[in-house]
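Colleague: Structure incoming, see below.
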Amino acid sequence: MRFDSVPMPPAVEARPRDVRGYPVPAITPWQGDEPQFALTDYERSANCALERRCSVCDTLMPQGPVWRVVGAAESAAIAEALAAGRPYRNLAPTMEGPGHRACMLYAAMVCPYLARPNARRRITADGAPDELTSAVVRGTARGGTGAVVGFGDYEYAVTGTRVLFRFLDVVEYLPHEHADAHLAELRAELDRRR
């Protein structure tokens, strides 16, 4: 599905765009006039965490659930826990911040890496893998079933070099192989917000 055919949340529509017309998420750094989609800006991410702002649209998230898009391994772990009737809590921190439900549904559908299991992250992205990023090897396919997941809350830590998040209490689990499966859910969410 083309990104310009996906309904856009109003706050995302107000974001700056790249030359192709893609809205640029709040945590994305810029190099000159070009957004660096494969990277996360430390200061922007810290501001979102400290001020409880959405990592996609940069507007305030009300108290209550937050959402994020998860990859295949975490999606499988959540599905397994839910099927067994167990709570899920991943104690490993992530550098991926939370957002509004509509923003994360939208991001899952338009971000090429999040939307399709055969998508690959650019090999040219800066940064060497470490214990937090080694699961995201540049150039390898995302693979498997991803998901948009709602969590009751989140914790964060702002260190000297990173902003780290942990998410608590799954409140919604929307798996996808191809994220365009969320189109009806995104439309319904946008209608509820009007």
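Colleague: Taking Thr161 and the conditions (1) open to solvent by less than 70 Å² (accessible area, probe 1.4 Å); (2) of a type in the set (Val, Ile, Thr); (3) at pLDDT 85 or above, which numbered condition does it fall short on, given that it satisfies the others?
Modeller: (1) is the only condition that Thr161 fails.
Colleague: Same structure, new question: Determine whether Thr133 is more than 16 Å from the chain's Cα centre (by Cα), β-branched (Val, Ile, Thr) and either open to solvent by less than 50 Å² (accessible area, probe 1.4 Å) or modelled with pLDDT of 90 or more (or both).
Modeller: So Thr133 fails the test.
Colleague: Take the residues in the stretch 146-158 that are surrounded by fewer than 14 Cβ atoms within 10 Å (Cβ to Cβ) and in contact (Cβ under 8 Å) with a residue 60 or more places away in the chain; name whichever of them is farthest from Gln63 (Cα to Cα). Reasoning before the result, please.
Modeller: To start, the set of residues in the stretch 146-158 that are surrounded by fewer than 14 Cβ atoms within 10 Å (Cβ to Cβ) comprises 152, 155, 157.
Checking the rest, the ones that are also in contact (Cβ under 8 Å) with a residue 60 or more places away in the chain come to 152, 157.
Numbers: Gly152: 9, Ala157: 18 Å.
Only one residue tops the list, namely Ala157.
Colleague: Now for a separate question. Taking the conditions exactly as written (assigned to a strand (DSSP E or B), touching a residue at least 60 places away in the same chain (Cβ under 8 Å), out of contact with any Lys or Arg (no Cβ under 7 Å at 6 or more places or on another chain) and not acidic (Asp, Glu)), does Arg68 satisfy them or not?
Modeller: In short, yes.
Colleague: For the stretch 40-75, name all the residues that are aliphatic (A, V, I, L, M), buried (at least 16 other Cβ atoms within 10 Å of the Cβ) and at pLDDT below 95. Explain how you work it out, then say what you get.
Modeller: Narrowing the stretch 40-75 to residues aliphatic (A, V, I, L, M): 46, 49-50, 56, 60-61, 66, 69-70, 72-73.
Checking the rest, the ones that are also buried (at least 16 other Cβ atoms within 10 Å of the Cβ) come to 46, 49, 56, 61, 66, 69-70, 72.
Hits for the stretch 40-75 are Val69, Val70, Ala72.
Colleague: Which of the residues spanning the stretch 165-179 are in contact with a helix residue (DSSP H, G or I) (Cβ under 9 Å, 6 or more places away or on another chain) and either open to solvent by less than 80 Å² (accessible area, probe 1.4 Å) or at pLDDT 95 or above (or both)?
Modeller: Within the stretch 165-179, Phe165, Val170, Glu172, Tyr173, Leu174, Pro175, His176, Ala179 qualify.
Colleague: Check the stretch 84-94 and report whether any residue there is touching a helix residue (DSSP H, G or I) at 6+ places or on another chain (Cβ under 7 Å) and open to solvent by less than 20 Å² (accessible area, probe 1.4 Å).
Modeller: No.
The values are calculated or read from the model by the stated rules, or taken from the named source; none is laboratory data. The model shown is predicted, which means the values in this text are computed figures rather than measured ones. All Cβ positions, even for glycine, are placed from backbone atoms using ideal geometry, and neighbour counts span all protein chains on display. Side chains are part of the model used for accessible areas, which takes the heavy atoms of the whole protein and leaves out ligands, DNA and RNA. Shrake-Rupley method; radii C 1.70, N 1.55, O 1.52, S 1.80 Å.
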